[in-house]
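Written out below as structure tokens is the structure these notes cover.
Just so it is clear, none of the values below were taken in a lab; they were calculated from the coordinates. Since the model is a prediction, treat every value here as computed from it, not as a measurement. Positions of Cβ are backbone-derived with ideal geometry, glycine not excepted, and every protein chain shown enters the neighbour counts.
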Amino acid sequence: MPKHDNVIVALDVGTRKVTTLVAKIESDRKVQFIGKGVAYNENGIIAGSVVNMEATTRAIQESVMEAEKIADIHIKSAYIGLSGEHVSSMNSHGVVTVRGKEVAQTDIDRVIEQARNISLHSDRQIINVEIGEFVVDDQAGIRNPKGMAGRRLEVKVHIITASSAMLRNLAKSVEDSGLLVEDVLVNGIAGSWAVLEEDEKLLGVALIDIGEGTTDITVYHNGDPVYTSVIPMGGRYITTDISYAMRIPPVEAERIKCRYGSARPDFVSSDEEIEVSIIGTDEKKVKKVHFLSSVLSPRAEEILMAARKKLNDEMKESLIQTNIVLTGGTAELKDIQFLAKDVFEQPVRVGKPKINEASSGFKDVLSSPSFSTAVGIVNYFAQHEKMKFRDKNGSFLTKLGDFFRKFFE
């Protein structure tokens, strides 16, 4: 089936699984999900970085094939999410003199280009440039200055960078699976497009996306992202602790964590019991659910404390006026929002993707926090498709060849 211009494919290559989502974009930019594929990638990604390209490529292929079958469409390209400790951010601004009597598109292009013209180490590349407010003369808070009268144009931007090598490895895995890379979006920004409310972004909010191998932190203030960072810890660490403490296989540890685990042992009955398989034998033993929670709770708290420390050390925590929003697969851990409330000493909610009725066949599944990144990638590019940066010849940087030329030459 030929490629449709109104179809977006998102590829979330996570530590534990690869998710492919296919969505139709209506003329009013409404998103209708029509395909989903999930394949497990237990050994291909560690903390957001590709460590086994063959395994990762194979998982991408399996995920894409499942999505193709459900959507009845041939997938040729995808928008991919990026995470990892190598991701970092900074805020910048540009100022130019307006050449005419009114702000023209060329003035907007020039001021954005100036803002993104920052000094970087040779091993790092700009991945995303999030445009904030414009200022025309002394008038701030402008979202679209085109056509406004003024002499001085300023823009504030949030720039996200990543390791060139890490990006190359991920893009190569996608290429080897037979896909073209349309564009890249860091997971923290993607998740915000799935679960955050506009009022939260305006007042100030920190989104903490706890995946299997990484925890992505994104802070919004006055409606714009002002901080992006990644901690190389996630739900897999909790699963490993359970496996060691209870002497059970990791698969069994993951199962009981999701079904019985609580981040607050004081919320768990001291009498409730579960039967688990002991590693290396056919033997089964009865364990207390309270013991399970007492094992996983310290690690969950450690992850949240690491996020709190990031916010304290690297930015003004006072910018966060409303609450903390948790999302990602580990946000499904029972009672984790209550533990987070104790850690941050602020209101906490669990953010779930908002899926409209047009996607009724996928609404229940995709409303899980574990799909926040993939859903957010679709939502982001459904709204930003016409806002991509152009190269010097005026062409959109969408083909994989252009992608590699932009980032790696």
Surface/4 estimate of mean projected area, convex hull on alpha-carbon atoms of region 130-199, nm²: 7.4
A 26 angstrom limit on the alpha carbon distance is what I want to check against. Which of K17/K363; K30/K363; K30/K309; K287/K352 exceed it? K30/K309; K287/K352
Give me the base-10 log of I(q)/I(0) for region 88-162 at each q in 0.13, 0.23, 0.26 Å⁻¹, Debye formula, one uniform scatterer per Cα, rounded to two decimals. -0.38, -0.93, -1.12
Could you tell me how far the Cα centroid of region 147-206 sits from the Cα centroid of region 72-97, in Å? 4
Treating cross-link reach as a plain straight distance, find the aspartates and glutamates whose alpha-carbon is under 17 Å from the alpha-carbon of K36, omitting any fewer than eight places away in the same chain. D12, E62, E66, E68, D72, E357, D364
Here the averaged projected area of region 142-245, based on the convex hull of its alpha-carbon atoms and given in nm², is 10.6
Relative contact order (%) - the chain, alpha-carbon pairs under 8 angstrom, separation at least six: 17
Where does helix 164-176 land angle-wise versus the long Cα axis of the chain, in degrees 0 to 90, nearest 10? 80
Protection proxy (average C-beta count within 10 Å per residue), highest first, orders 357-369, 295-307 as 295-307, 357-369
Report, largest value first, the span of the C-alpha coordinates of region 193-319 along each principal axis, in whole Å. 56, 27, 26
Largest fluctuation, V13, V181, V111 only, Gaussian network model of the chain with Cα springs under 10 angstrom, belongs to V111
Rounding to the nearest 20 debye, state how big the charge dipole of region 88-162 is about its Cα centre with +1 on each Lys and Arg Cβ and -1 on each Asp and Glu Cβ. 140
In 10 Å bins starting at 0, how do the alpha-carbon pair distances of region 1-145 split up by percent? 10, 26, 24, 25, 12, 2
Percent antiparallel among DSSP beta bridges (both partners in the chain, rounded to 5): 80
Would you please name the trypsin sites (Lys or Arg not before Pro) within region 145-243 that are DSSP coil residues with at most 13 other C-beta atoms within 10 Å of their C-beta? K146, R151
Considering the dipole of region 1-126 built from charges on the beta carbon (Lys and Arg +1, Asp and Glu -1) around the Cα centre, which of A78, N91, A104 is farthest to its positive end? A104
If we sort 120-130, 18-28 on the protection proxy, mean other Cβ atoms within 10 Å, highest first, what's the order? 18-28, 120-130
Cα-based Rg/(2.2 N^0.38 Å) for the chain, rounded to two decimals, is 1.02
Burial-style ranking of 343-353, 89-99, 214-224, average other-beta-carbon count within 10 Å with highest first, yields 214-224, 343-353, 89-99
Rounded to the nearest 20 debye, dipole of the chain from Cβ charges on Lys, Arg, Asp, Glu: 680
How large is the convex hull of the Cα atoms of region 67-211 per residue, expressed in Å³ as a whole number? 163
Between Rg and the Kirkwood Rh of region 268-379, both from Cα atoms, what is the Rg to Rh ratio? 1.07
